[in-house]
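See structure below.
Values quoted throughout were computed directly from the atomic coordinates according to the rules given, and no laboratory measurement underlies them. Being a predicted model, the structure only gives us computed values, none of them experimental. Ideal geometry is used to build each Cβ from the backbone, glycine not excepted, and the neighbour counts take in all protein chains shown.
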Amino acid sequence: MKKRMLANCVSCAIGILINFSSVFGLPCVSIKCIHSRSVNKTEIVFSKLRSYSAIAVAVFLITVSIHYTFLIITASTERGNLLTRIGLLSNLIFCVRSSAAIIICICKSGYMVSHFKGFESIRHNWKITEKEDLLELKTVRRFRKEVVHCFIIIAFLLLMYLTYLMISEFDANWNLLHKIATILCLCVDSMLFMIHEVMAKFSTAFFSTYQKNLRNKLLDYKPISKSEMLTKSGINAQNNSLRRIIVLNKRLHCALVWNVEYYNKFYDLAVLLWLITAIALLVSNCFVLLTLWIDRNLDIPESGFIGMESQIFLTILTVTYSLYCVHKLGSVSQDTLSFLFQYPISKLNAEEAAQVETLITVLSTKKPILNGMDIFIYDVSLLASITGTVLTYVLVAFQFSASWVKQ
Ligand SMILES: [Zn+2]
């Protein structure tokens, strides 16, 4: 009988999340694993079935986007309320962004298959030469727990929002479809960011485990005494053991950085698009909310106060948290670098010291960095530019708002 049990495998750690998010095509990958006494295997493949469900969601969102476009054109020709038009435009951006993210992620799912397979093969190769496992069972348990907690939070938020949408009146069939589309967009957005965060944390876990082991090994390493140094075999043994540790770790570091590249190729376009539209939505929502707050006589747009406020709040939260996770991944080698700089290099011989120097060079030049199509690097410093851009455009909008509202 096949018995399911937890193992130190990629699928056991993040399988639940990927299997759920693949319904939206983020990515279209099916992950299965069997662990029993006799069998121990993980299967990661591109799933056609999941791509169909993702395409169905994308087609639905595109239909709703077309309807929003139609509404915007009608409102513009009839010279309707400016705030209503901005509200419709932000809903349109919301739908277009999610459908674009789905389509991009379906097309790029192959990279994610390579990424997961990369993790598995790196782990296997490492296990052949070393005692420790790169993915500890403790980490697998932590990831599963985190994913379940995130699902509960997202489900609760969606339920609250759904209740709010259903309580607020709706008159036509299109209105209901708009609400379903909003819920779907929120699902896509939250999945997109959950995966972004989890994958960043997952890679960080791999890097920190091997670096922790490396530091322990270097601490335990004792240069041989002067009497042993006189024998040729003593020198060879010493050189070999330190060289072996450092060469293996350098290779592992490069392999992991290379694997992060695959992940970056999968997500860069979708996340770049998400970020740009998030800025546009933040500007339009802040402008509408401030305008309504200043002039209480104006009509409240369809999405309402709570809708816009929660959009602003969730966008700020997801952007900040995901940038924080990605920043942590980028600076994962900092502890090891400071450890290496303080390492008593004077006790080592010339060749060993050279090995430590090359390790320092590798760690400081090859960083697991995620970037948006090579345009910018994702890290916490991006928050300052995003805040600056949003503030500037909200102020610009206010400069022109007097003439717009009069129209
Ligand atoms: Zn497994």
How many nm separate the modelled label positions at ARG123 and ASP374, each set 7 Å beyond the Cα in the direction of the Cβ? 3.3 nm
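Report the per residue volume, in Å³, of the convex hull enclosing the C-alpha atoms of region 315-376.
Output value, Cα hull per residue: 80 Å³.
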List, in order, the whole-Hz ³J(HN,Hα) value for each residue of region 366-378 obtained from phi through the Karplus relation with A = 6.51, B = -1.76, C = 1.60 and θ = phi - 60°; use x for Gly and Pro. 9, 9, x, 9, 9, 9, x, 6, 6, 7, 8, 9, 6
Whole-Å semi-axes of region 105-191's equivalent ellipsoid (Cα gyration tensor): 42, 18, 4
Label point distance in nm, MET160-GLN334, each placed 7 Å from Cα along Cα→Cβ: 3.2 nm
Sum of side-chain charges, ILE106 neighbourhood, beta-carbon under 12 Å (Lys, Arg +1; Asp, Glu -1): +3
With the convex hull built on the alpha-carbon atoms of region 353-396, volume per residue in Å³ sits at 82 Å³
Among TYR52, TYR68, TYR343, which one shows the biggest mean-square fluctuation in a GNM of the chain, springs joining Cα atoms closer than 10 Å? TYR343
Would you calculate, for the chain, the mean residue ellipticity at 222 nm contributed by helices, counting each DSSP H stretch of 4 or more residues as -39,500 (n - 2.57) and dividing by all residues, to the nearest 500? -27500 deg cm²/dmol
In the chain the DSSP beta bridges are antiparallel at a rate, in percent to nearest 5, of 100 percent
Would you list LYS222, LYS367 from fewest to most Cβ contacts within 10 Å? LYS222, LYS367
P(r) for region 181-223, please, calculated from all Cα pair distances in 5 Å bins and given in %. 5, 19, 13, 13, 10, 9, 8, 6, 6, 4, 3, 2, 1, 0
Can you tell me the length gained on complete extension of the stretch ARG251 to THR392, counting 0.36 nm per residue apart and subtracting the Cα distance? 46.2 nm
Candidates LEU395, LEU92, LEU134: whichever shows maximal mean-square fluctuation once the chain is modelled as a Gaussian network with Cα springs under 10 Å: LEU395
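Sort LEU158, LEU323 by Cβ crowding within 10 Å, fewest neighbours at the top.
Values: LEU158 14, LEU323 22.
Arranged by neighbour count, lowest to highest, LEU158, LEU323 become LEU158, LEU323.
Equivalent-ellipsoid semi-axes (√(5λ), Cα gyration tensor) for region 1-123, whole Å, largest first?
43, 12, 11
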List, largest first, the extents of the alpha carbons of the chain along their principal axes, each in whole Å. 94, 58, 30
So if each residue of separation counts as 0.36 nm, and I subtract the Cα-Cα distance between LEU137 and CYS107, what length gain in nm does that give? 7.5 nm
Among SER38, SER208, SER76, which one shows the biggest mean-square fluctuation in a GNM of the chain, springs joining Cα atoms closer than 10 Å? SER38
So if R0 is 22 Å, what FRET efficiency would PHE151 and LEU290 give, r being the distance between their Cβ atoms, rounded to the nearest 0.05? 0.05
Listing CYS9, CYS33, CYS28 by rising number of other beta-carbon atoms within 10 angstrom, fewest first, gives CYS33, CYS9, CYS28
Non-local amide H neighbours of CYS28 (under 5 Å, H modeled in plane, Pro and chain starts lacking H): which ones? SER109
